[in-house]
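Computed from the coordinates by the stated procedures, all read-outs in this text should not be read as laboratory data. Note that the structure is a prediction, hence the values are computed from the model and not measured. Here Cβ is always computed from backbone atoms with ideal geometry, including for glycine, and neighbour counts include all displayed protein chains.
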Amino acid sequence: VKRRTDERLGFFDAAMSYAVTERLTLERSIKDALKAGQFELFYQPQVNLKTYALVGAEALIRWRHPELGIISPDKFIPVAEESGLIVPMGTWVLRTACRQLRIWNDMGIRGLRIGINVSGRQFHEHDLPDLVADAISESGVNPTHIDLELTESMLMADGEGTLKMLRALAKLGVTLSIDDFGTGYSSLAYLKRFPINTVKIDRAFVKDLDQDEDGRVIANAIISLAHSLSLKTIAEGVETEAQAALLARHGCDEIQGYMIGRPLTVADFTAFTSSYIAR
Ligand code: C2E
Ligand code: CA
Ligand code: CA
Ligand code: CA
């Protein structure tokens, strides 16, 4: 019995050190990829649910790996977060998204809003308002066309520091959204206290919409709550006309999802802006 236990422990040790080695290798690769310019932003369209007009896009990072092809953020964001690489990566995302918006503006594509994901690490450890101010002034974009997507967990961390940070960001003229709303440990109190503009309803709730009555009740409750606090609502992950119709019935303001369009490369999104027809 003793020996068996040892063997098992040995197995776990090996598995663990394998995981650590793998993590370190990935960390090194991310660092190299940042230097080599292998990261790229894709843009997913967002439309007004009443008019179906194109109103914005969410910038979503991809790793264009020379051998492995496109790698999704779920594969590298967690390691980037843990290692702190998310900080230079996040700065790159901010600058690249602002620069791209400027390019679109110069091409005559105007009025679009770009949603940018902010990581917890970026929010807590670094001077985010300065970075945002720099990205805006260097690109010359209208700050009201930049929307920063924050998560509930970031906002819950520490009251005063968080409020100060949010006020500093809001002062720059950018808008603030809560991403994945309803999935975190949320206290609804912060919705009122913080200068937030928009609630992004998580895909999990949208998925449940056409399943049963409970799904409808939750989505409806989030939309009503948001509206009663004068917040705008965007539903994420809308895949079907049935989901869009139910959201419209509940008064949801905007939608984003495969029904309208997948995250697109810059070239594809540019083409999308001229071929898209609001119905
Ligand atoms: P998120 O911010 O919740 O982004 C929405 C995710 O849902 C995206 O996954 C998007 O491709 C996917 N999605 C959109 N519409 C649909 C749909 O209709 N159906 C389904 N099944 N999925 C849909 P993606 O691009 O893989 O990004 C995953 C997560 O990685 C993001 O979740 C976000 O948390 C993070 N992320 C992406 N880009 C960045 C970034 O630049 N910085 C940071 N810090 N995080 C990022
Ligand atoms: Ca997001
Ligand atoms: Ca989300
Ligand atoms: Ca999510």
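Run the dipole for the range 144-256 about the Cα centre, Lys and Arg Cβ at +1, Asp and Glu Cβ at -1, nothing else charged, and hand back the magnitude in debye, nearest 20.
On the way: 11 positive and 18 negative charges, 136 e Å.
So the magnitude is around 660 debye.
Considering the options Gly182, Asn142, Thr198, tell which one lies farthest towards the positive end of the dipole of the chain, charges being +1 on Lys and Arg and -1 on Asp and Glu at the Cβ, about the Cα centre.
Positive-end residue among those listed: Asn142.
Would you mind ranking Met156, Met89, Met107, Met165 by Cβ crowding within 10 Å, fewest neighbours first?
Least crowded to most crowded, the residues run Met107, Met156, Met165, Met89.
Of Ala226, Ala157, Ala19, which has the largest mean-square fluctuation in a 10 Å C-alpha GNM of the chain?
Highest fluctuation among the options: Ala19.
Once the dipole of the range 196-279 is set up with Lys and Arg at +1 and Asp and Glu at -1 on Cβ about the Cα centre, which of His250, Phe269, Ala235 lies farthest towards its positive end?
The residue sitting farthest along the positive end of the dipole is Phe269.
Can I get the semi-axes of the chain's equivalent ellipsoid? Compute them from the C-alpha gyration tensor as square roots of 5 times the eigenvalues, in angstrom, largest first.
33, 25, 21
Taking 51 Å as R0, compute the FRET efficiency from the Cβ-Cβ separation of Ser224 and Lys31 and round it to 0.05.
On the way: r = 46 Å, r/R0 = 0.90.
Calculated value: 0.65.
May I ask you to derive the relative contact order of the chain, considering only C-alpha pairs under 8 Å and at least 6 residues apart, and to give it as an integer percent?
Values: 419 pairs, mean separation 52.2, N = 279.
Over the chain, the number comes to 19 percent.
Using a Gaussian network model of the chain with C-alpha springs under 10 Å, which one of Gln211, Gln46, Gln256 is most mobile by mean-square fluctuation?
Result for the chain, Cα springs under 10 Å: Gln211 fluctuates most.
Suppose every Lys and Arg Cβ carries +1 and every Asp and Glu Cβ carries -1, with no other charges. What dipole size does the range 25-86 come out with about its Cα centre, to the nearest 20 debye?
Result for the range 25-86 is approximately 180 debye, rounded to the nearest 20.
Once you treat every alpha carbon in the range 153-279 as an equal point and sum by Debye, what is log10 I(q)/I(0) at q = 0.09, 0.11 Å⁻¹?
Debye curve over Cα of the range 153-279, log10 I(q)/I(0) at q = 0.09, 0.11 Å⁻¹: -0.30, -0.45.
I'd like to know which of Phe123, Leu172, Leu26 lies farthest towards the positive end of the charge dipole of the chain, counting +1 on Cβ of Lys and Arg and -1 on Cβ of Asp and Glu.
Comparing the listed Cα positions along the dipole, Leu172 ranks first.
Given Cβ point charges of +1 (Lys, Arg) and -1 (Asp, Glu) and nothing else, what value in debye, to the nearest 20, does the dipole of the chain about its Cα centre take?
Values: 31 positive and 37 negative charges, 67 e Å.
Rounded to the nearest 20 debye, it is 320 debye.
State whether the range 118-157 is rounded, prolate or oblate according to the following rule on the C-alpha gyration tensor (a ≥ b ≥ c being the square roots of its eigenvalues): a/c under 1.5 gives rounded; otherwise a/b larger than b/c gives prolate, and the remaining case gives oblate. Could the numbers behind the result be given before it?
Values: a/c = 3.77, a/b = 1.82, b/c = 2.07.
Oblate shape, in that a/c is at least 1.5 and b/c is the bigger or equal ratio.
Enumerate by residue number the chymotrypsin sites (Phe, Trp or Tyr not before Pro) in the range 65-151 meeting two conditions: DSSP loop (anything except H, G, I, E, B), and at most 13 other Cβ atoms within 10 Å of the site's Cβ.
Taking the range 65-151 and a limit of 13 other Cβ atoms within 10 Å, no loop chymotrypsin sites (Phe, Trp or Tyr not before Pro) are found.
Assign one of three labels to the range 138-185, namely rounded, prolate or oblate, based on the Cα gyration tensor with a ≥ b ≥ c the square roots of its eigenvalues; rounded applies when a/c is under 1.5, prolate when it is not and a/b is larger than b/c, and oblate otherwise.
Cα axes put the range 138-185 in the oblate bin.
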